[in-house]
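One structure is given here, and the rest of the page talks about it.
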Amino acid sequence: MAGSQLKQLKAALKENGLVGQTNVKRKNTKKAPSESRRDDKQAVLEKIREQFNPFELKVNRKKTDLDTRSTKGTQGKPGISKQIGEDARKAAYEAKKKLQNKNGIFKDRRFGENDSSLTAEEKMLQRFTKERQTQSSKRNLFNLDDDNENAEDDEDDDNAFGLTHYGKSLSLKDDFEQDADLQNNGDDDDDDDEFMKPKKRTLEDRESGNHEPDEDEVIPKKKTKAEVMKEVIAKSKFYKQQRQILQEKVEEKIFDLDEEYDDILQELRTVPKQKKPLEFAANDGINYEKSIKELNLDRRAAPADRTKTDEEIRKERADKMRELEEARLRRMEGLEDDREKGPDELDDDFWIQGSGDEDHEQQEQDDDNDEDEQDDEQDDELIQNDDKPKTTKSLPVICPESHEEFLEILSNYKFEETLTTANKILTSYAPRLQIGNKEKIGIFTVILFQHILYLSESDLVSNEKFSEIQEGLISLVKTLSQKYNFELTESLRDKIEEIHERITETLQIEDAEEFPTISDLTFFSLVGILYSTSDHYHLVVTPTSIIMGEALDQIKFKSINSLIGGIFIAETFLKYQRISKRYVPEVTFFLQKALLSFLPIDLTDDSITSTPDSKFQLPKNLTSSDSIEAFKITDLDNDDLNSNDLIKSSIFNKLISTVDLALDTWKDKSSLLEISSPFIIILSKFIEIYPNYKPLSQLSLKFTRLLKFSKDERKPLTLQSHKKLSIATYAPKFEENFNPERKSYDENRSRQEISKMNKQIKQERKIALRELRKDSRFEARQQIKEKKEKYAEYHSKMAKILNTINTVEGAEKNEYEREKKLRKSKK
Amino acid sequence: MVKRSKSNDGTPSKKSKPSNQQERGELSKDFITIQTDQIIENLNKDVSNIKSLIDLYDIFLETFQSQDEQEDEILTKYEDDLRYLNVSIFKIFSKAFNDQLFDNKLSKIYTDLKKFYELFKFNLLFFMEIISIDCSLIVDNLDIYMKLLKFENLNFNGNQPYFPNKSFKDLIHTLINSNNGEILSNGLNSNIILQEFLTNYYSKYYDLQFYFINELNLIELNHSSNLISKILTIINEKTMVLDIDQKKKKCFLKKLPSLVNNLNHYKNQFELNLLSILNHENQSILLNSQYKTILLILHKRIIPFMKTPTKLMDFLTDSYNLNDTLISILSLNGLFELIKTYNLDYPNFYTKLYQLLDKNLFHLKYRSRFLRLTDIFLNSTHLPSSLIASFIKKMARLSINSSPSAIVSIIPFIYNLLKRHPTCMILLQNEHTDSLYSDPYNNDEIDPLKTNAIESSLWELETLQSHYHPNVATLAKIFSQPFKKQSYNLEDFLDWSYNSLLESETTRRLKEDGAALEYEEFETLLGDYLPEWRW
């Protein structure tokens, strides 16, 4: 733009159409409605003004202007913005100053208001006691005698400042007043009493919702002495009347009672007379009394559980079984070791076996409301209790604490009575009878277990009833094991270690026939019957399996007796695996060895992995007919087995059936071919020697059949067909808006956020500090200014005063001078 | 061999002068004390009285040889006095050595002293040889004899280096001929003097170790199991002959000839002696237990001390080819040492190694030794995969009849092999087969290259995944999981046994609610649970 400032102004104005012809119609005149045009004008003018005052605008010039982006903060008006801040500060300061020393602040001085440690309840209590204290101290201080004239005033004070509830004072009023209140509410007899009036009015006011209750109380009437005295007299009169009414009432009551006394006496005398005819009537019925008693004794009908139908019972049982089976399956898979049900949850049937009836009666005692009946029942119970010790006294049984003690107890009985004795102990020490019985029975369970093992070794085996008793004890232990699992399991684990020690002893010392004993074999089979042998891991079964494996693998089966033990262990081991079908290499190892020890010729083949420890001669004419009979476990201790052909052939038969069991157990194994190849070789040799022995050929046939299947189905392994894993990629990460110049770059997103936040905080802090400083500077400035003003005012005032004084003095002086002159002149 | 009659050569025998017997004193402490004091006083002039002391030994010997009483009874009777006598005479000679009476070899005293000295030594050794029961007397004799050796070393050759070769040789022969002790089950000897000599002298001093082998000349001696057992006991002892650090080689004697540092001489001597044992015509004197012990210590205690260890080649090859799995396994170690360091080329080594995998292997005590070595032998990635596959398949086959401890060592072994030879993974993962597949593996084939194992599969390991021991089963499951682990540390798996397996079970704590019970009901234990059994 050229020309002087004025010319430029003119041009600018003209350009915006502010000067010159205003009614020239433009092409684009319909820009805005006419109303806002004036504002527009103002804005335009403002803009032009700004343009012509370049000193207010400050521009930050860029060194390079490369990009076209408009950046913020290049232009600013520091003067104006400063002025704005100054103005704001000034306004705030003025406002503050205006209110200085004029504004009241609300300060909450209530007790415990700011104490968060107190609950609302405690707060209230504290406040109340505080209130009471201040009151009482006030009274004690100023009230020399309790019932003085100021009582009324005090009350008023209380009401004004005391705690209230629904507008009613919480503080205990003067008893008289309270009475009066009650009277007011109750009956309107005492309306006339003058002194009651103000009180009543206030009450009425409250009731009517008129909210001026304080009027009377706040401005109490100052009572004259006469009035007060009047009040006192009235009070005493009122009390006197009250007492009189009460006295009258009592006297009336006594009179009434006196009158009725005879009637009551009469009635009392007639009671026994009424009973007599009743008794006479009873005599008619035969033993009425007795039947009444019997009826009373009868068990009260209780809402019994509905008897379940057979179907329901069956269903329940099936459900339970399914649940147990599911838990077992989970354990078998090794998914969980935890047991689903605690032992206490299992049914309590055990206790019903021996002492069912008594227990039931005790259990189902009813508690009735009828006192008579209950008394009778208690009597009855007493009788029962009297009876019970009699029965037990005749056959006292003490719960043994060790196996020796149990043997001592049993020595008093016949062997046949073992089971009944054990049951007797269990019933008389049932856990519900006394505290501590549970532990005792726990120990007794372990003792019973030891006794089973003891019996298996004892000479009583020959007894006819032996197996019955033994099996009875076993089933007893099995039932008990549900409840006393822990104790039993602990003792079994100790037993395992003991057996293991004996095995190692047998291995180390030649001819030490410490293992296997009949009790060991019994132990192994007991573990199988008691515990869930299909578990992936089991605290008892796993270690038992280890020692069984050790026995089969390490023990030298030199005698036919030990071979029986081996076969028994192998069969028990296979029984353990009847569900889970786990593979036991030791069993195949042992079975090969056992078979080979019966084979009269030496057989060597690469697939046969074991060699016999000794050879046993089988009878030449081995036929299937002579060895069907069940096999005796106690033959383990029989010394003359080697000469007994019958037993030997039956052992062989047992062995064949064990191999058969093994084949059944593992027929689904993928390496059945490899497992059974040595057996086939051995069996074929046997068949060559004993062609007429049926079990052999049957087993051989079974083998060939199963192996044919196995061979047909055989496929190479595909154990490693896993899902293909993707190859890890190493492509670089591309980041948009990456600026290498920014030092603050951080690839960690969260860290970046944090640093950003930190930077913001720092900046804000800086700004706040600057503002604060500005504020304080402004304040200081303002204060100085004020002070200056104050001083100036003062000085000017002083100057004024001085001036006046001077003037007055001057006038006086002049007067004096004049007087002087006058006197002089007079002279 | 020290014989009583031998003493007649050098010294006048007491039996040749029976008249002396009357002059003989009594074997009592008082008499000995008086005599000793007298002799020590007149040591410079007259030493003939020593004879009266030495003659006292005969009193004992006569009773001993007459065999009227039990050996231990005689010993309890004379032991104290004999010990006292020994100590007294030793005192005299130590005084003589200290007074340098042995220096002047021309003097009369010297010849007398020397005579009695030899007699004394002879008696000491003779006692050690004949007394067969363990007693402190013979141990004391050894200590005194060793002290005398020290004196000899210092005094017999002036200031020149000297080793009492003859005395030491006599001692060695005594040790070997001693009746004490017996052959232990591992082929070593329990001779108390030998044990004492080993712990107190041989194991501590280098020169004794060196000269023991140097003076030992087994060719001269009559071989017997007893002799071999003693030699083995000594060989089995750790020596410092090969120690490079000279400072560690403590010596028993002071002035030693330079021969003592001649390692080649030692090795020659060692080799000579050892081979004389191994090559003896009568092989029966080498007990089986001793044979095993030799093989056991071969790579550590024998091969490094031989001049030409390749001379053992035949011995080892023969042992390896024996049809005894145990011997073969034991000889593997020595063989490996020869192959490794002495470049022995053993034909058909792997065939033989494969043959060692037989039914007994995994029931042997030394199976971990075998696995360790086999791991090294099969380490090379240049071996044909058919060979590796044969080993893997064979082991898997053996595992289905083995104890859990063996299985536990086999599984990581196979895993490592598969990891190292990925071509063998086909044993676990083989998808390309037709419907008429049958297992081509030949279990009876001896040559690992011809077994066709590579076309087979490891069904055995799959079966082991359902092993009854939960930990074994879990371990076997590694074969159906991705092979992510680089390798298993074999040492962690080699030394399991039933004992350790059970121990890890019994230390587990029982839970509050006990163990899981069998819910199935059986009418009877024998009969229902176990049919066909009765009480």
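Dipole of chain B computed with +1 at Lys/Arg Cβ and -1 at Asp/Glu Cβ about the Cα centre; of B:L316, B:L298, B:L218, farthest Cα towards the positive end is B:L218. Highest average first, the peptides A:223-236, B:304-317, A:654-667 ordered by how many other beta carbon atoms sit within 10 Å of their residues are A:654-667, B:304-317, A:223-236.
Rounded to whole Å and sorted largest first, what semi-axes of the equivalent ellipsoid does the C-alpha gyration tensor of segment B:84-175 yield via the square root of 5 times each eigenvalue?
Values: eigenvalues 114, 42, 24 Å².
Sorted largest first and rounded, they come to 24, 14, 11 Å.
The residue list A:T504, A:S676, A:I569 was ranked by how far each Cα lies along the charge dipole of segment A:484-713 toward its positive end, using unit charges on Cβ atoms, and A:S676 comes out on top. Derived value for segment A:484-713: Kirkwood hydrodynamic radius 18.3 Å. Basis is the mean of 1/r over every pair of different alpha-carbon atoms. Overall, chain B carries a charge dipole of about 2660 debye about its Cα centre when +1 sits on the Cβ of Lys and Arg and -1 on the Cβ of Asp and Glu, all other atoms neutral.
When restricted to Cα atoms, chain B yields an Rg and a Dmax of 33.1, 110 Å, respectively. Counting Cβ atoms of other protein chains within 10 Å of each residue's Cβ and taking the mean over peptide A:314-324 gives 1.
Could you report segment B:73-230's accessible area per residue, 1.4 Å probe, as an integer in Å²?
36
Heavy-atom surface analysis with a 1.4 Å probe gives segment A:484-713 a carbon and sulfur content of 48 percent of its accessible area.
Can you show me the helix-derived [θ] at 222 nm for chain B, built from DSSP H runs with n ≥ 4 at -39,500 (n - 2.57) apiece and divided by the number of residues, rounded to the nearest 500. Don't jump to the answer; show the numbers that get you there.
Numbers: 24 runs with 279 residues, N = 535.
-16000 deg cm²/dmol, from helical runs alone.
Across peptide B:423-431, the mean count of Cβ atoms from other chains lying within 10 Å of each residue's own Cβ comes to 4.
Using a 10 Å cut-off on Cβ atoms, rank the peptides A:107-118, A:47-58, A:567-578, B:178-189 from the highest mean neighbour count down. Don't jump to the answer; show the numbers that get you there.
On the way: A:107-118: 9.6, A:47-58: 12.0, A:567-578: 23.2, B:178-189: 17.7.
So the order, starting with the most tightly packed, is A:567-578, B:178-189, A:47-58, A:107-118.
When only DSSP loop residues count, what trypsin sites (Lys or Arg not before Pro) in segment B:358-428 have their Cβ near at most 13 other Cβ atoms within 10 Å? Loop-located and lightly packed - B:K365. Accessible-area loss of 40 Å² or more (1.4 Å probe, protein heavy atoms, chain alone versus all protein chains) is found in segment B:463-489 for B:T463, B:S466, B:Y468, B:P470, B:S480.
Just which residues of segment A:539-587 lose 40 Å² or more accessible area with every protein chain there, against their chain alone, with the probe set to 1.4 Å? Buried by the other chains: A:L539, A:I546, A:D553, A:F568, A:E571, A:K575, A:R578, A:R582, A:Y583, A:P585, A:E586. In segment A:484-713, a dipole from Cβ-located charges (positive for Lys and Arg, negative for Asp and Glu) runs towards its positive end, and of A:L699, A:F486, A:W666 it is A:L699 whose Cα lies farthest in that direction. Taking the Cα centre of segment A:484-713 as reference, the dipole from Cβ charges on Lys and Arg (+1) and Asp and Glu (-1) amounts to some 1180 debye.
Between B:L517 and A:S532, the built amide H atoms are under 5 Å apart, and every one of these is 5 or more places off in sequence or on another chain.
Checking the cross-link pairs B:K51/B:K91; B:K114/B:K238; A:K90/A:K800 against a 25 Å limit on the alpha carbon distance flags B:K114/B:K238; A:K90/A:K800 as lying beyond it. For segment A:443-545, applying the loop criterion from DSSP together with a ceiling of 16 other beta carbons within 10 Å to the trypsin sites (Lys or Arg not before Pro) yields A:K465.
Between A and B, buried accessible area summed over both sides at probe 1.4 Å, in Å² to the nearest 100?
Details: alone 62690 and 27530 Å², together 82180 Å².
Using a 1.4 Å probe, the pair buries roughly 8000 Å².
Give me the count of lysine pairs in segment A:395-483 whose alpha carbons sit under 14 angstrom apart, restricted to pairs 8 or more positions apart or on different chains.
Number of lysine pairs found: 4.
Taking amide hydrogens as placed 1.01 Å from N in the peptide plane, the amide H of B:W533 sits under 5 Å from those of A:F631, B:G527, each at least 5 positions away in sequence or on another chain. The charge dipole of segment A:395-483, taken about the Cα centre with unit charges on the Cβ atoms of Lys, Arg (+1) and Asp, Glu (-1), comes to about 560 debye, rounded to the nearest 20. Against the main long axis of the alpha-carbon atoms of chain B, helix B:385-399 sits at an angle near 80°. Note on segment A:395-483: Rg/Rh from Cα positions, Kirkwood definition for Rh, rounded to two decimals, is 0.95.
Take each residue in A:649-661, count the other chain C-beta atoms within 10 Å of its C-beta, and the mean is 1. Highest mean packing comes first when the peptides A:256-265, B:221-230 are listed by Cβ atoms within 10 Å, giving B:221-230, A:256-265.
The values are calculated or read from the model by the stated rules, or taken from the named source; none is laboratory data. Because the structure is a prediction, the values reported are computed rather than measured. As a convention, Cβ positions derive from the backbone with ideal geometry for all residues, glycine included, and neighbour counts pool all protein chains shown. Side chains are part of the model used for accessible areas, which takes the heavy atoms of the whole protein and leaves out ligands, DNA and RNA. Shrake-Rupley method; radii C 1.70, N 1.55, O 1.52, S 1.80 Å.
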